[in-house]
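Report on the structure given below.
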Amino acid sequence: MDLVQLQRQLVEYRTSLYHEGFLDEQFTQLQELQDENNPDFVVEVVSLFFEDSERLLNELTKALEQQSIDFKRVDAHVHQLKGSSSSIGAQRVQKVCIAFRNYCEEQNVEGCLKCLQQVRHEYSLVKTKLESMFQLEQQILSAGGSIPM
Amino acid sequence: MFVYVKWWDSTLVLFFIRLLLNMGGGGGDSSEDTAVELGDEPHVLAVDDNLIDRKLVEKLLKNSSCKVTTAENALRALDYLGLGNETLEGAVSKVNLIITDYCMPGMTGYELLKKIKESSVLKEVPVVIMSSENIPTRISQCLEEGAKMFMLKPLKQSDVKQLKWHLMKCRN
């Protein structure tokens, strides 16, 4: 595939991510913060998000496995995940977190377990999509091109 | 008193000079002994327990020509500011602005704000509170306690620009 085709593919792919609600305008904000001084800013922040989310998902699984669930603790973790997903523009993850917090407040175990499953799913989807997008960007850069905005 | 400034524009510069003069003054006239030098960049302390948010706010501030120190909770922030020690007589604040998240484990941003306002050295340093939740009572509580601004997360570049503008307006 030639450079122009790669660039076109990237633009289309990125557009679809916004269109399908995986990303929102906050992700655009991140991209706008990237500059020559910090050419890897977006990848760095998103990588931090991946690490942090995985940690939180593990904590959530453990917390919800307890005999006596500490809903305040569960809520604290979901609050963190909601915050970071919002900050990077991972809209679908953020939306599940909102529902998740409501179930925590109601101390609804089933609801929480359902949301945990959903948030894992949404997280894994957005992770795959972002990784694909970064790979495309890398291909373009390796071919000597620049990333279209 | 020597002040060397080459940043933003003169109105904001005057604002910070006045802030620092107020901090050095208090009851007596000790400001004569306080040699203050503002470099090219204001120094901001950003406090947030969320790693991603810390990275984001740091970048936003750096893009606005600020020197940034981050702290992951209120206690670390207080330690950095020197409020962990007994006396700060005659000391000058290390920072020109403090921006803190509201919801943090242990001490909240609101409680941090109160501690800062209780300090004779730090009370004139503008404090901005951030939160992902738009709760009017929370907002008015912070503003009443002396926060200069309340900002909704996630932060954007336009928010930081507005912050600068607001600080300029507030100097009067």
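Computed from the coordinates by the stated procedures, all read-outs in this text should not be read as laboratory data. Keep in mind that what you see is a predicted model, and the values were worked out from it rather than measured. Positions of Cβ are generated from backbone atoms using ideal geometry, with glycine treated the same way; all protein chains shown enter the neighbour counts.
Quick notes on this one:
- Links that overshoot a 18 Å alpha carbon limit, given the list B:K59/B:K164; A:K95/B:K153; B:K62/B:K117: B:K62/B:K117
- Close amide H contacts of B:K67 (hydrogens built in the peptide plane, cut-off under 5 Å, sequence separation of 5 or more or a different chain): B:H43, B:V44.
- Label-point separation in nm, A:I69 to B:E133, each point 7 Å along Cα→Cβ: 1.9 nm
- Put simply, the amide H of B:V47, placed in the peptide plane, has neighbours under 5 Å in B:A71, B:I99, B:T100, B:D101, leaving out anything fewer than 5 places away on its chain.
- Karplus 3J(HN,Hα) series, Hz, for region A:33-41 with 6.51 cos²θ - 1.76 cosθ + 1.60 (x for Gly, Pro): 7, 6, 8, 4, 6, 10, x, 10, 3
- Helix axis angle, A:3-19 relative to chain A longest principal axis, alpha carbon, degrees: 30 degrees
- Of A:R120, A:R92, A:R8, the sequence from fewest to most neighbouring Cβ atoms within 10 angstrom is A:R8, A:R120, A:R92.
- Translational diffusion coefficient (Stokes-Einstein; Kirkwood radius from C-alpha pairs) of chain A at 25 °C, 0.890 mPa s, in µm²/s: 149 µm²/s
- Sorted by Cβ neighbour density within 10 Å, fewest at the top, the residues A:L136, B:L122: A:L136, B:L122
- The charge dipole of region A:1-92, taken about the Cα centre with unit charges on the Cβ atoms of Lys, Arg (+1) and Asp, Glu (-1), comes to about 420 debye, rounded to the nearest 20.
- Cβ-defined net charge surrounding A:C104, 14 Å radius [Lys, Arg +1; Asp, Glu -1]: -1
- In this structure the amide hydrogen of B:M104, modeled in the peptide plane, comes within under 5 Å of the amide hydrogens of B:G109, none closer than 5 places in sequence on its chain.
- Sites B:Q141 and A:H121, calculated FRET efficiency, Cβ-Cβ separation with R0 56 Å, nearest 0.05: 0.90
- Here the dipole of region B:105-154 is about 80 debye; that uses its Cα centre as origin and unit charges on the Cβ of Lys and Arg (positive) and Asp and Glu (negative).
- Cβ crowding within 10 Å ranks B:K114, A:K72 as A:K72, B:K114, fewest other Cβ atoms first.
- With the biggest extent put first, the Cα atoms of region B:50-152 measure 37, 31, 24 Å across the principal axes.
- Two-decimal log10 I(q)/I(0) for region B:113-156, as the Debye equation yields it once each C-alpha is a single scatterer, q = 0.16 Å⁻¹: -0.42
- Per-residue mean of C-beta atoms belonging to partner chains within 10 Å, peptide A:82-94: 4
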